[in-house]
Each structure stands twice: as C-alpha cells, then as structure tokens.
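Structure record follows, encoded as structure tokens.
FYI, it's all coordinate maths here, none of it is from the lab. Since we're looking at a predicted model, the values are computed, not measured. Heads up, the Cβs are rebuilt from the backbone with ideal geometry, glycines too, and the neighbour counts pull from every protein chain shown.
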Amino acid sequence: MTSPVVIIGTGLAGYNLAREFRKLDGETPLLLITADDGRSYSKPMLSTGFAKLKDADGLCMAEPGAMAEQLKAEIRTHTRISGIDPGHKRLWIGEEAVAYRDLVLAWGAQTVQVPIEGDAGGQVFPINDLEDYARFRAAAAGKQRVLVLGAGLIGCEFANDMSLGGLKVDVVAPCEQVMPTLLHPAAAAAVQAGLEGLGVRFHLGPVLTRLQRVAEGLEAHLSDGSVIACDLVVSAIGLRPRTDLAAAAGLKINRGVAVDRQLQTSHDNIYALGDCAEVDGINLLYVMPLMSCARALAQTLAGNPTAVSYGPMPITVKTPACPLVVSPPPQGREGNWQVQGQGSDLKVLCHDADGTLLGYALTGAAVMEKLALNRQLPPVMA
Ligand SMILES: Cc1cc2nc3c(=O)[nH]c(=O)nc-3n(C[C@H](O)[C@H](O)[C@H](O)COP(=O)(O)OP(=O)(O)OC[C@H]3O[C@@H](n4cnc5c(N)ncnc54)[C@H](O)[C@@H]3O)c2cc1C
C-alpha cells in the first residue's frame, strides 16, 4: 500500500495545504495528525471574538469529521506525534510507527511562558488556539477586570477586543511603546492613545512578578512595586516556533524549522510551513505567507516542484480604536523614516537612500492609502 502524505497540524497551514493539495491530487492517501481537537477555525478571530460574544463553538467553522470528508483524508485528533525517524520515513506516536511518503510539519508555534510567583498562576491564560480560547471564555464569565501581559500586536488586539466586550483592561509589558518590533514610535503612540481612549490602561516598563489571590479577585504585583487588581490574566508575551521534535530528528533549525524556497527541510521528503517554518531565512507568523507556502508546497507534493515567493505582506492590525496597517521593511533593509499627518491619522513611511519605499505604518484615516502604497512596496521575498 502507498504510504500517505502526512501533515502534522490542522491549523490554517495544515488545512490550507491539504485543500490546495486536493485541488491537484484527489487520490494520494492523505493523513492529518493533530494534538488538538481538529476543528477548523480562523485563528485571527481569537482576538475579535470576545466583543462579538462568540464562544469557541461560535468560532468553529467545521468539525474534523466534515473536514475529513471534504479533504478525502484521515484526520487523527488529540494525537501528539512524539518523534520523527527520517532515515526510515516514519514518525512516532508513542510506540506506534506511522510510515509516510512525504511528511509536512505544520505544527505551529507555542506560547512563551514565564514563571510567575504567587498562588494564582492558574489564572494566567495564553490564547493561541480554540481550546485556549474556550478555557479563557469559561474563566472570564462574570468577570470584569483583565490584565493583558504583552503589548505586541496580539496583546493590543486582545486589549481592544476585551475592552469593547465590556472588560476593564490593564496592559503590562516591559517595553517603552506598544508593538516595539513592528512600529515606529509615532504610530505606536497613536495606537496606544486610541486604546487609552477606550479606557485601556498601559503599564509599560515593568513585568508581572507575582500573582496573588485576594478576597475580591487577584492582585498582580509588578516589578516597579505597583499592584493591579484584576480577575484574570491573559498572556500574549510571544510565540516561539515549535522546533524540538525536528531538532531531535536532526533537521536544521534556526529561528524555526529551516526550509528552502520549496519548503523542504534539510531532509528529503520532509517539508514545513506556517508558524513553525523559517523559509529561506524568514519566519513570519502571519496568514498571508502561509497561504503562499500552501499553494507552492501543494504543487511540489503533486509532482511539480515549485518555489514560493512572497509579494508585499502588509498586516492589518485589528485595533479598531485606532485602525492600523503596517508593512515593515524587508528583513535586512534599512531606511529613513518620515512621519506625516497628525493626531491619530499618521502616514509613517520608510524609504531607502534612493527614495524607494521599503515599508510603512498607517494609522487612523491614513489606512485608506494602503492600496496605493502597496503597489510601490518591494516584495518580501522575490
Ligand atoms: C490571537 C491571534 C490573532 C492573530 N491575528 C492574525 C491576523 O489578524 N492576521 C494574520 O495574518 N495573522 C494573525 N495571527 C497569526 C496567524 O493566525 C498564524 O500565523 C496562523 O494561524 C498559524 O497557523 P499554523 O497552522 O502554522 O499554526 P497553528 O494554528 O498553531 O496550528 C498548529 C497545529 O499543530 C498541532 N500540533 C502541534 N504540535 C503537535 C504535535 N507534536 N503532534 C501533533 N500535532 C501537533 C496543533 O494541535 C495544531 O493543530 C494571529 C495569531 C493569534 C494567536
């Protein structure tokens, strides 16, 4: 019997690859394996669902049974792979060996967690999948005050959503501005002001050191000595590509599982895409790049080796309190930043020495200019 194409992970990367592959090949056996419940959902909705009163079931787009039928695939849920044996083209689920024709790692990134002292560590909720979201929703029922750890893109989106959903929101992060790795300070200030307009309170600089139960909820003790009263804590302090099993199998690792333009790892017949993959030196944890990878890899798996390329990849950040679209300069390219506009409506542009547009951040009403600017942007990976 022909060994299947095996995809590890049923997030957007795994399911979109399976869909693209099935457009080209309806026959090759396809097996998807996932540690979670295998429900299909759009992860970006996790940071807009609270205000829309959506629970996890409301965000689910399809059950795994329906996905299996649609994809003509076997889907094994609540199944965690524990090892890869590239030499014998098989993987391990505990003691069970599963042979593959081609193996695709679409196992995502894991939330960064830091140890927090105190007796309320169980009240810290990372939200990186539908099951995390369900746990958070259950814990948030009837609560009024949330502390968000992290002021990156996802922390700001949660702050906006939870604030719109009626929670009183405090944000704690050890940085000087919101989205420090993504935004020019002027654009960051505009976004922060927009969120503050909703009532979000920022505590930028300190970290959470201790979380303690008290009669009225929780007390969050910060490293600057201040104390914030809250009912639960959402952690959005970062994501780290999952690499451990790939490293143990001898695959090359950088910031993610290293793959070339054909999404192939350092080993034949093993590929990677999505949050776990570093594609030709670039690890992007967004939807647009993984869709490009899914289309290219589907071709390769169907017998037509295809290299991926990335065009401009602007990111629409879901902070309606201050609309934001950002396109950072391509990796390794430096330029000069220039700020135009005022108040919350800013056009922040980055040009190189020749005047070529490398990147931008648009806030407020200036987001209307994104289409015109996108046409001038260089590709992220030509
Ligand atoms: C709150 C939030 C909002 C976001 N908003 C946006 C946005 O607006 N726009 C945007 O472009 N991007 C956004 N992103 C990022 C985007 O959603 C991700 O880049 C994308 O969903 C990653 O998909 P993935 O399939 O690579 O990983 P995941 O969705 O994490 O899937 C990983 C899969 O691998 C499985 N798995 C892991 N380990 C194992 C194992 N050992 N064995 C078996 N299975 C395993 C998991 O169970 C899961 O099925 C957001 C992310 C978050 C967290």
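Put +1 on the Cβ of each Lys and Arg and -1 on the Cβ of each Asp and Glu in segment 113-235; which of Val214, Ser235, Ala186 then has its Cα farthest toward the positive end of the dipole?
Val214
Relative contact order (percent) for segment 34-181, with alpha-carbon contacts under 8 angstrom and 6 or more residues of separation?
Relative CO of segment 34-181 lands at 24 percent.
Separation of segment 324-343 and segment 1-74 by C-alpha centroid, Å?
35 Å
Using +1 at the Cβ of each Lys and Arg and -1 at the Cβ of each Asp and Glu in segment 44-179, identify which of Gly121, Leu53, Gly83 lies farthest towards the dipole's positive end.
Ranked along the dipole, the leading option is Leu53.
Specify, per residue and in Å³, the volume enclosed by the convex hull of the alpha carbon atoms belonging to the chain. Don't jump to the answer; show the numbers that get you there.
Working: hull volume 56.7 nm³, N = 382.
Spelled out: Cα convex hull of the chain, divided by residues, is 148 Å³.
How many lysine pairs are close in the chain, with Cα atoms under 14 Å apart and the two 8 or more places apart or on different chains?
Value for the chain: 6.
Evaluate the relative contact order of the chain (contact order divided by residue number), counting alpha-carbon pairs under 8 angstrom at least 6 apart; express in whole percent.
On the way: 874 pairs, mean separation 60.9, N = 382.
16 percent.
Within the set of other residues whose C-beta is less than 11 Å from the C-beta of Pro320, count the net charge using Lys and Arg as +1 and Asp and Glu as -1.
-1
Give the distance, in whole Å, between the Cα centre of segment 247-264 and the Cα centre of segment 166-208.
Their Cα centres are 34 Å away from one another.
Go from 0 up to the bin containing the longest alpha carbon distance in segment 323-374, width 10 Å each, and give me the % of pairs per bin.
27, 55, 18, 0
R0 = 22 Å: FRET efficiency of Leu164 with Ala229, Cβ-based, nearest 0.05?
On the way: r = 21 Å, r/R0 = 0.96.
Working from the Cβ atoms, E equals 0.55.
Restricting to segment 113-235, what percent of DSSP beta bridges are antiparallel, rounded to 5?
Details: 10 of 27 bridges.
Approximately 35 percent, going by the DSSP bridge assignments.
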